Each structure stands twice: as C-alpha cells, then as structure tokens.
Amino acid sequence: IAHEKKFKTRILFENKDFIAFTFYAARFPFEVWVLPKVHQSRFENEPNSKFPYLADCLMDIFAKLNKTLNDPPLNFFIHNLPNTITQSDYYHWHLEIAPRITGYGGFEMGSGTIIDVFSPEIAAKFLMGRK
C-alpha cells in the first residue's frame, strides 16, 4: 500500500478504509486488488462499520470495469488467512478482481504459465479515463 501510494500510477480508488489498484505483477489484463488500509489478516474480523466503505470501493471498481471493458465476465477472489491460524502480522487479507477479457494461448495451456498482455500502469490509466 505504501509503495502504491508513493508512486500513484496504479491506484484506481481510495477512501478512508480501502484502496484499489491494478496489481504490479498482474496475471491477467486489468487485474485489480482491493486491500484494507489497516492491517487485518482475516476478512471476517473486519468490523461491520467498514463494509459500507468496501461496498463503495467495489461499486466504483465494477463501474470502471463495466464502462471501459463493456461489462466483462469476472473472477473474484477473497484471499484470507487459513482457518488454522487466528491472526498474523505477515498476512494481509485482500480481494482480487480478474476480468476475463482474453483466452489462453498455446503457451499458457501447455505450460500453465499465464501471460498478461497489458501493462498494469496502462490498465490503470485506461480504467481512470486518462491518456
């Protein structure tokens, strides 16, 4: 989060509790990560008072994806600390949003390695309507 805020090239949305940006090591074109600003390792431990801010973030990101990519199909992941651990200083829960705008090529199908054909920095500019 500190790195993204310092350079401000991939940030798509920010409010008092959450930040969303195109991920620097994206596996898919236009992959977006959403993170709480205050460290929390488990999604279910977030106070209910923060969910309206998460909803604002998601509504904004989905609107940007809908407007710029014409309502693409999405994969949506919640990455959470495993149930066998109650709390962790080293793990920060987050959401990943992966629009499915491309198919896999032969290299990807054969190797299992996904190639992102779109720079996260350019994706952020595109989603924000900047040139």
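The values are calculated or read from the model by the stated rules, or taken from the named source; none is laboratory data. In this text, all values refer to a predicted model and were calculated from it rather than measured experimentally. Counting neighbours? That spans all protein chains shown, and the Cβs are built from the backbone with ideal geometry, glycine included. Heads up: the accessible areas ignore ligands, DNA and RNA and are worked out on the full protein's heavy atoms, side chains in. Shrake-Rupley method; radii C 1.70, N 1.55, O 1.52, S 1.80 Å.
Of the residues 122, 11, 19, the one with the largest accessible area comes first in the ranking 122, 11, 19, computed with a 1.4 Å probe on protein heavy atoms. For region 1-78, the dipole from Cβ point charges (+1 on Lys and Arg, -1 on Asp and Glu) about the Cα centre works out to 300 debye, to the nearest 20.
Length gain on complete extension for the stretch residue 24 to residue 59, per 0.36 nm per residue less the alpha carbon to alpha carbon distance?
On the way: separation 35, 0.36 × 35 = 12.60 nm, distance 2.19 nm.
Full extension of this stretch gives 10.4 nm more.
For the set 113, 86, solvent exposure ranked by accessible area (probe 1.4 Å, protein chains only) runs largest to smallest as 86, 113. GNM remark for the chain: springs join alpha carbons under 10 Å apart, and the peak mean-square fluctuation among 36, 82, 99 falls on 82. Each of 15, 51, 84 was placed along the dipole of region 6-93 (beta-carbon charges, centred on the mean Cα), and the one lying farthest toward the positive end is 15. The list (i) -0.42, -1.21; (ii) -0.32, -1.20; (iii) -0.46, -1.25 gives values of log10 I(q)/I(0) by the Debye sum over Cα atoms at q = 0.11, 0.20 Å⁻¹, and only one came from this structure; which label was calculated from it? Computing log10 I(q)/I(0) by the Debye sum over Cα atoms at q = 0.11, 0.20 Å⁻¹ and matching it to (i) -0.42, -1.21; (ii) -0.32, -1.20; (iii) -0.46, -1.25 gives (i). Classified by the C-alpha gyration tensor, region 7-74 has a prolate form. Its axis ratio a/c, with a ≥ b ≥ c, is 1.5 or above, and a/b is larger than b/c. So, with a 1.4 angstrom probe, what is the percent of accessible area on region 1-121 that is carbon and sulfur? Within region 1-121, the accessible surface is 59 percent carbon and sulfur. Each Lys and Arg Cβ is given +1 and each Asp and Glu Cβ -1; about its Cα centre, region 68-131 then shows a dipole of about 260 debye.
With helices as the sole contributors, the chain gives -9000 deg cm²/dmol at 222 nm; each DSSP H run of n ≥ 4 counts as -39500 (n - 2.57), and the sum is divided by every residue.
What does the charge dipole of the chain about its Cα centre add up to, to the nearest 20 debye, if the Cβ of each Lys and Arg holds +1 and the Cβ of each Asp and Glu holds -1? The partial results should precede the final answer.
Values: 15 positive and 14 negative charges, 99 e Å.
Computed charge dipole of the chain: roughly 480 debye.
Between residue 9 and residue 117, the distance separating the two model label sites (each 7 Å from Cα on the Cα→Cβ line) works out to 2.3 nm. Here the Karplus curve 6.51 cos²θ - 1.76 cosθ + 1.60, taken at θ = phi - 60°, turns the phi angles of region 94-110 into couplings of 7, 10, 10, 10, 10, x, 9, 9, 10, x, 7, x, x, 4, 5, 5, x Hz, with x standing for Gly and Pro. Using the 1.4 Å probe convention, the accessible area of the chain works out to 58 Å² per residue with neighbouring protein chains retained. Shown is the FRET efficiency for residue 125 and residue 101, computed with R0 = 22 Å from the Cβ-Cβ distance and rounded to the nearest 0.05: 0.85. For the chain, set up a GNM with springs between Cα atoms under 10 Å and report which of 90, 53, 24 has the largest fluctuation. Looking only at 90, 53, 24, the biggest GNM fluctuation is shown by 90.
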